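S.K.: Structure provided below as structure tokens; questions to follow.
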2 protein chains.
Amino acid sequence: MTTALLTDHYELTMVRAALAAGTADRHSVFELFPRRLPEGRRYGVVAGVGRALEAIERFRFDAETIDFLRERGVADDATAEWLADYRFRGDVWGYPEGEVFFPGSPLVVVEGGFAEAVVLETVLLSIYNHDCAIASAASRMTAVAGERPCIEMGSRRTQERAAVAAARAAWVAGFTATSNLEAGRRWGIPTTGTAAHSFTLLHDSERDAFAAQLAALGEDTTLLVDTYDVEQAIRTGVELTSGRLGAVRLDSGDLPAVARDVRRLLDGLGATSTRIIVTSDLDEWNIAALAGAPVDGYGVGTALVTGSGHPTCGFVYKLVARGTSPDPEGPLTPVAKRSTDKISVGGRKFALRRLGEQGVAEAEVIGIGAPPVGDHDDRPLLVPLVRGGEVVGAEPLSAARERHLRSRAELPLDALRMSHGEPALETVWLGGTGEARRNPFG
Amino acid sequence: MTTALLTDHYELTMVRAALAAGTADRHSVFELFPRRLPEGRRYGVVAGVGRALEAIERFRFDAETIDFLRERGVADDATAEWLADYRFRGDVWGYPEGEVFFPGSPLVVVEGGFAEAVVLETVLLSIYNHDCAIASAASRMTAVAGERPCIEMGSRRTQERAAVAAARAAWVAGFTATSNLEAGRRWGIPTTGTAAHSFTLLHDSERDAFAAQLAALGEDTTLLVDTYDVEQAIRTGVELTSGRLGAVRLDSGDLPAVARDVRRLLDGLGATSTRIIVTSDLDEWNIAALAGAPVDGYGVGTALVTGSGHPTCGFVYKLVARGTSPDPEGPLTPVAKRSTDKISVGGRKFALRRLGEQGVAEAEVIGIGAPPVGDHDDRPLLVPLVRGGEVVGAEPLSAARERHLRSRAELPLDALRMSHGEPALETVWLGGTGEARRNPFG
């Protein structure tokens, strides 16, 4: 399916006007970046890179699409002809998926003709703003959950296609499974789930319902035990499995207290290996509050898919430099809007993660021109994603997941505190020759 | 495209277990409803009904889907056979699109066999939870904007497919246009847009950029005037159009003050019919604060597509009654989970909007059994949407938009206040014979 209409109207009116003015092919550099982190957050997580690369490949204007744009008066003849021939032929660099980011981090750099690069604005922002918001929340949850698995089960609380993307972003940030079957099919993410309260209510008794579930799914299944009376449900489940029940799920009540009672009961009944999964309106703070409780896994829904208070990242996509011809080797002029409240910095950026002793990250180094060379241990953060229109940065999703765990582990310990705070790394802005200067977003 | 995998894993494990237990066909009634409104909100808006009906029609398990479910061990032979034959053959009633709702409103009632009805849970919740959240925020914005048009331009701040649904929900709640081209193609919503700051920065001068835009889009276009100096930009735009410029757009600064200066300048230059559009991080409160400023239209982005603080509605989908056979005429047992913190009410509901003198709404009347008959002016809120598996409730989107304006106009004046408050209508719970009882969600 084409992604070309997942686009703001004005992207195409700009193409039309630039074509008529002869400026559509001017070599241009756009950057996608956050001016700041959401209030109180200490780091962000890059997700959606793989989805963005697919969207770029599928950004084509088929005949039906062009007909629509002509009927609506969006495209004139020249624009229609240009769109019919369109595919992105430029270059894209970006932070690899799973990497962490900070205020000003140039997450994506797009180089090409103005028109071919500007039309990608909306869909790239949509993907990054959503997926990074979910991954950033998810990472806080998996960090505080530690060794205990987090399961994504928020599909019902967000738009049905956003749910698939949310499951993917959560997986990148360390979730171990999702309830979303399309995310399983599309991205290979492990899926999980057993039964809702309705299944218990369907049957003549809770015992009948449990017996039906155990017969179909086996003793290692998870029984939902809070439809009627938790204690009785657990006794029934343990009895029906002769103590070999896989897990119980608690979806209501004062979870730390209930979990302790349930553990004691299970152990008393000899079901010492039966796990306890909790699922009621969890977020990173509730997960932290359960750290001392005998809980074996967390199912997270609403808070995850709504970014735990920050459902979007506020990324922008700005023209930062442009030439006066299509020549990618021609001189580029840094450009930026003059504004007191919405700053961007002209000129194509580099970005480095500066690592100190023992490999602990110390700063996000961003600048214009050539990156500094010297005695610092700096990891370049921008990798090639598209070269001459060909995707070169595709990778298995597991690579992003592993990268996230590595990059998060490099951060100073403060980064993983749940309390509101400043970004865990300072963003150091360098001019072309290496001298530090004021943070333009500060 | 099938919608059948936009589903939680456990919906299908319940089907599997119920098939094996012989309970899958038990006649069942599910209801989708809010336990409460988001904190401080005075009413909610129903949106997504048309999308939900399409999702039900397209909820089919094709061979590829079934193969995936078998490979993953989600479906066994019997389940695979049942899924291959699946299409929803039951009945659905619901609040019509655009209607308003209150705590407990049974927005959707689904009747059918347990398995055929439970598998719709996730996708229905996804659609309603998202679309109603957007429409509920949008309605507050259009209410406070009054006669001034609101334009939806939030695509870049939400997932790319959620953006299309958000544009649709905003249109239902009174927005006049969207920037989202796919919403224009798919739903016929008017689209609009002209240029971003990048278009000005692309050109050698602001004058060149404006001239290019005017040449392509005509004098009635909207020029973005805050890339460099607002006053100079306006003088240029007015000069290039001999005072016939359609509109200017302001995207930064202290908008009430800037709008006044801009209006004075335009009028002084003779451009008395040039409109002023503002677009910088607007929400319902900022729109209210601009009521006294000379502004002609509002472009709303982030706050709209994130539900202005409430990105999801928290709707649930609960089994409320079930039989012991597939017979829809057989006796039904009301069922409900026993819980102190997550209440639902057993039994199939009716719902009425009680109207008082001058047609002002007085209460949301919800109950079990036969609705009361008498001297009240009650409008039934549940209309047939699907009968025996056939969609009967489809309607043009404009009908939903008109209904919303009518239903909102019926509400007490308090409903449209921006401040946090209680629901504008009390939910009155009736037993089957008409006697009022305690609000179970109160």
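S.K.: Using a 1.4 angstrom probe on heavy atoms only, work out the carbon and sulfur share of the accessible area of chain A in %.
M.R.: 49
S.K.: On a 0 to 90° scale, report how tilted helix B:230-240 is relative to the longest principal axis of chain B, with both axes built from alpha carbons and the result rounded to the nearest 10.
M.R.: Once rounded, the angle reads 80 degrees.
S.K.: What figure in square angstrom, to the nearest 10, would you give for the accessible area of B:ASP414 with a 1.4 Å probe?
M.R.: Roll a 1.4 Å probe over it and B:ASP414 shows about 80 Å².
S.K.: A further question on this structure: With a 1.4 Å probe, how much accessible area is buried between chains A and B, both sides summed, in Å² to the nearest hundred?
M.R.: Buried area (both sides, nearest 100 Å²): 8100 Å².
S.K.: If you don't mind, there's one more thing I want to ask. Give me the Å³ per residue figure for the convex hull around the C-alpha atoms of the range A:77-198.
M.R.: Dividing the Cα hull volume of the range A:77-198 by its residues yields 154 Å³.
S.K.: Using only the alpha-carbon atoms, how far is helix A:397-410 inclined from the longest principal axis of chain A? Give it as 0 to 90 degrees, nearest 10.
M.R.: The answer is roughly 90 degrees.
S.K.: Moving on to the next point. How far is B:PRO256 from the same spot in each other copy, in nm, shortest first, if each label point sits 7 Å from Cα toward Cβ?
M.R.: For B:PRO256, the other copies' label points sit at 4.5 nm, shortest first.
S.K.: What value does the protein assembly as shown have for Rg/Rh, both radii from Cα atoms and Rh as Kirkwood defines it?
M.R.: Rounded to two decimals, Rg over Rh is 0.98.
S.K.: If one takes the longest principal axis of the Cα atoms in chain A, at what angle in degrees, from 0 to 90 and to the nearest 10, does the Cα axis of helix A:255-268 lie?
M.R.: The angle comes out near 40 degrees.
S.K.: Report the normalised scattering of chain B as log10 I(q)/I(0) at q = 0.09, 0.13 Å⁻¹, calculated by the Debye formula with identical scatterers on the alpha carbons.
M.R.: Here log10 of I(q) over I(0) equals -0.65, -1.10.
S.K.: Using r as the Cβ-Cβ distance of B:ALA291 and A:VAL360, and R0 as 56 Å, what FRET efficiency do you calculate, to the nearest 0.05?
M.R.: So the FRET efficiency works out to roughly 0.60.
S.K.: I've got another one for you. So for the range A:194-294, what are the equivalent ellipsoid semi-axes in whole Å, largest first, each being the square root of 5 times an eigenvalue of the Cα gyration tensor?
M.R.: Equivalent-ellipsoid dimensions as semi-axes: 22, 15, 11 Å.
S.K.: Using a label point 7 angstrom from Cα along Cα-to-C-beta, what distances in nm, from shortest up, separate A:GLU357 from the other copies?
M.R.: 8.4
S.K.: What are the label-to-label distances in nm, one decimal and shortest first, from A:ASP208 to the same spot in the other copies, with labels 7 Å along Cα to Cβ?
M.R.: Spacings between copies for this position, smallest first, are 7.9 nm.
S.K.: Extending each Cα 7 Å along its Cβ direction at A:ARG244 and B:SER419, get the distance between those two points in nm, one decimal.
M.R.: 6.5
S.K.: Using a Gaussian network model of chain B whose springs link C-alpha atoms within less than 10 Å, name the residue from B:LEU107, B:LEU12, B:LEU385 with the highest mean-square fluctuation.
M.R.: B:LEU12
S.K.: What number, in percent, do you get for the relative contact order of chain A if the mean sequence gap of Cα pairs under 8 Å and at least 6 apart is divided by its residue count?
M.R.: So the answer I get is 23 percent.
S.K.: Near the amide H of A:ALA75, under 5 Å away, which other amide H atoms are found, from residues 5 or more places off or on another chain, if H is placed in the peptide plane?
M.R.: Hits under the 5 Å cutoff: A:ARG70.
S.K.: Also, I was wondering about something else. Under the √(5λ) rule applied to the eigenvalues of the Cα gyration tensor, what semi-axes describe the equivalent ellipsoid of the range B:248-298? Give them in Å, descending.
M.R.: Ellipsoid semi-axes (Å, largest first): 19, 10, 9.
S.K.: I'd like the mean, over residues of A:200-207, of how many other protein chain beta carbons sit within 10 Å of each residue's own Cβ.
M.R.: If you average over the peptide's residues, the count of other-chain Cβ atoms is 6.
S.K.: In addition: Mind grabbing the accessible area of A:MET418 for me, 1.4 Å probe, Å², rounded to tens?
M.R.: The accessible area comes out at roughly 30 Å².
The values are calculated or read from the model by the stated rules, or taken from the named source; none is laboratory data. Note that the structure is a prediction, hence the values are computed from the model and not measured. Using ideal geometry, Cβ is built from the backbone for each residue, glycine included, and neighbour counts are taken over all protein chains shown. Note: areas computed on protein heavy atoms with side chains; ligands, DNA, RNA excluded. Shrake-Rupley method; radii C 1.70, N 1.55, O 1.52, S 1.80 Å.
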